[in-house]
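Have a look at the structure below before the remarks.
The values are calculated or read from the model by the stated rules, or taken from the named source; none is laboratory data. Here the structure is a predicted model, which means the values were calculated and not measured. Glycine gets a Cβ as well: all are built from the backbone with ideal geometry, and neighbour counts include every protein chain shown.
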Amino acid sequence: MKRRDFLRTAGISAAAFGLSQSLLGRLALAAGEQDHYFLVCYFEGGWDHLLGLDPRDPSVFNAASLRDTGIEPAYERLPPQFSRSTIDAGPFTLGPCIGELAELANDFSVVRGINMATLTHEVGRRYFITGKAPSGLQARGSSIATVCCAQLGADRPVPHLGHRIENYNIDQPAFAGAMSVAAVDHMQYILQEDLGLPTDVPANVKGALGSYWRERPDCEPANGAGATRLAEIYRENRTRARQVVTSQLHRRFQFNSPDLAPVRAHYGLDAAGLESAYGRAALASQALKTGLSRVVSFAGATELDTHDQTWANDHSTRLEAGFSALARLIRDLQMSEAPGGGSLWSKTTLIAFSEFGRTPRINDRQGRDHHLGNCALLAGAGIRGGQVIGRSNDRAMGPELVDLATGRPDEAGKSLQPEHIMTTYLQAAGLDASSLRSEPVLSLLA
Amino acid sequence: MNTTHHAAPLFLGLVTLLSCGEDRSGTKTERPEAEIDVGRQADRATADPTPDAALPVVVQSTLSRAPGRMTVDQLRRSIEIITGGLAWEEDFGDGPTDMLEVLAPTIGAPDYLLVTEENLEPSLIIAKFLHDASHRLCVRWVENESVAPPERRTLVRHAAAFESREEADIKAGLRALQLRFFARYLPEDGAEDGPISALYGLFLNASSTSTPGREAKDGWLAVCIAHMTDPELLLY
């Protein structure tokens, strides 16, 4: 994308890119007790769990049984590149649109039968993002990504990077709030001084300003807005902003440059384009690998809200792209070394979710509507992979009660809800989840 | 001098009420609240936010509420008023583009699709973009000023000649800028001279290291950037 377009829309070694050694040095030093990274991946619009994480065998759930089950896999309606059946991924079965993620089934666990208690996009989305049921449409807590970031600290230039996902910071430190970037290609410009435009500010002026800012606070206030904690935060961020633009980090986000050819090849960006599920995965990966961020929340797949005939072609291909991009992201992090040693993946916890699932029956418009049941995917550090937790039943895929200790269906168990999943996500990294006032799914914790 | 100085919009009024023109004893000299007509909408390009120096001042010692950050829209309009009509615009071949408008979603302004409430934190990203904006805007402002007649200047108002580097001229200009940017009245008696001395030092540092012929431009450019990136501009 060219700069004009940027304006319109809104394991690659560090040494090879001349990344500031001092910055990397600081990051390596900071890689101490809480050397952890988080990825929050949102599938926007409500995903079809029959096509992905909670499939049904079409030879059993067919036209003859539809009256009894209310479940219609409809895999035969998908474009020809997709399987007409479920996919045996080893530890469990997945849907035909799971893409490359099927090859990594031992690296993640699936939670099925989550009860969202809503059919409204905003409510479901905010419920999962915050781990708290919204008040009306209003988010009632900070994003879990923000909570993670607050507990990990502000040792990265952009501690929490967000892309195409809502983020809330209601009760956490300011640094933990997401810096939202509107497009993948914006990142390279954001990280450059003057957005990479030629500057007419002479070096002597910059030098004089550097001395001025170092030697005194802005207005030596004892009162007024300049004397508040808010102003202190601004000054800290101003200093960090200057460090970022001098660190040459932007070169690690110039996805069209020859230096990043391996990244383009790994994510298939030449074919898929930068503003795609693959581009967003590449952005998330680069943000962690370069030390720009500790927490990245981003949209995996987008535009999944397909109520009509677009479901067959569009939902399936978008969902598959989101899952495959996620698989490439996991592989990339598995091959990348963390600043403190070990692979980045060994220190990264990932969650993928959508606001709800889609109805198991095809509607009159040849699409699927909103469904109360949902799924989630958890993977990475602190998560025991290769498991299925919970279950949706065989009558219209209603969520079943679950024993939170074993993760197995249990009539005396509890209804799985987003707060259980998010509590597990936080506790997997040893973080405090008390603000959610919930319990983890113990069998998911490694 | 333009005397229609009661036309600043609400946020500048709030800036005035909460600005930190305070001496070390904890007292604060400011324009009285009643002097600000917050309801009047004047032509922004010609509005002069600088109050008449002859107006009485009052003493106010404490903030009455928590501080806040300007929205992106407030910031854009403030910059327009302060600079006498300039906006952070770039032209990439198809006409001027308002950068703050384009960057608003990244800074945290709502798009009412995914984001419905503006992120009003003084984040790294707004600090970074304000830094960028200050570079682009101040260069243009200084260039405009350097060729403008004294009565039409908004940045260098208190020196007959733009090129003047007389201490009295510079300090008078700095006091006017404090008033213009932050609605902070600093009297000439020296009681609250801390910010002025520091800014004067900045002016001297930038101008003394300048290439010949650019001394005043570089001095005022540095002063302009320092003001535009000061938390007092963004916060109120």
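Contact map, segment B:147-161: first residue within 21 Å of residue B:227 (Cα to Cα), second residue part of a loop (DSSP other than H, G, I, E, B) and not hydrophobic (A, V, I, L, M, F, W, C), Cβ cut-off under 6 Å, separation 6 or more or different chains; pairs are B:154/B:84.
When we screen A:208, A:203, A:282, A:231 for residues that are modelled with pLDDT of 85 or more and under 30 Å from residue A:332 (Cβ atoms), the only hit is A:282. Scanning segment B:78-101 for residues that are outside any helix (DSSP H, G or I) and at the interface with chain A (Cβ under 9 Å from one of its Cβ atoms) yields a total of 5. Being facing chain B (nearest Cβ under 9 Å) and surrounded by 22 or more Cβ atoms within 10 Å (Cβ to Cβ): is that true of residue A:111 here? Judged against the criteria, residue A:111 is not a match. Of the residues A:379, A:321, A:325, the single one that is touching a Phe, Trp or Tyr at 6+ places or on another chain (Cβ under 8 Å) and in a strand (DSSP E or B) is A:379.
With the condition kept exactly as written, say whether any residue in segment A:348-357 is more than 15 Å from the chain's Cα centre (by Cα) and either of a type outside the set (Val, Ile, Thr) or not in a helix (DSSP H, G or I) (or both). For segment A:348-357, residues more than 15 Å from the chain's Cα centre (by Cα) and either of a type outside the set (Val, Ile, Thr) or not in a helix (DSSP H, G or I) (or both): present. Among the residues of segment A:127-169, the ones that are outside any helix (DSSP H, G or I) and under 13 Å from residue A:293 (Cα atoms) come to 11 in all. One residue alone among A:212, A:234 is within 7 Å of another protein chain (Cβ to nearest Cβ), aromatic (Phe, Trp, Tyr) and surrounded by fewer than 24 Cβ atoms within 10 Å (Cβ to Cβ), and that residue is A:212.
Show me the helices (runs of 4 or more DSSP H) entirely contained within segment B:170-236 in which 1 or more residues are modelled with pLDDT of 95 or more. So that I can check it myself, show each step before the final result.
Values: elements: B:194-208, B:215-228, B:231-234.
In segment B:170-236, B:194-208, B:215-228 are the helices (runs of 4 or more DSSP H) which contain 1 or more residues that are modelled with pLDDT of 95 or more.
Go through segment B:104-134 and report how many residues are assigned to a helix (DSSP H, G or I) and of a type in the set (Gly, Ala, Ser).
Kept after step one, since they are assigned to a helix (DSSP H, G or I), are these residues of segment B:104-134: B:104-107, B:124-134.
When the remaining residues are screened for being of a type in the set (Gly, Ala, Ser), the result is B:104, B:127, B:133-134.
Here the count works out to 4.
Within the set A:101, A:119, the sole residue that is of a type outside the set (D, E, K, R) and in contact with a Phe, Trp or Tyr (Cβ under 6 Å, 6 or more places away or on another chain) turns out to be A:101. Restricting segment B:115-126 to residues that are more than 16 Å from residue A:196 (Cα to Cα) and among the hydrophobic types (A, V, I, L, M, F, W, C) leaves a set whose member that is nearest to the other protein chains (Cβ to nearest Cβ) is B:124. Quick check: is even one residue across segment B:206-227 surrounded by fewer than 16 Cβ atoms within 10 Å (Cβ to Cβ) and under 30 Å from residue B:104 (Cα atoms)? No: zero hits. Going by what's in this entry, would residue A:267 be described as within 14 Å of chain B (Cβ to nearest Cβ), buried (at least 22 other Cβ atoms within 10 Å of the Cβ) and of a type in the set (Phe, Trp, Tyr)? No, not satisfied. Of all the criteria given as (1) assigned to a loop (DSSP other than H, G, I, E, B); (2) touching a helix residue (DSSP H, G or I) at 6+ places or on another chain (Cβ under 8 Å); (3) more than 11 Å from chain B (Cβ to nearest Cβ), the one not satisfied by residue A:282 is (1).
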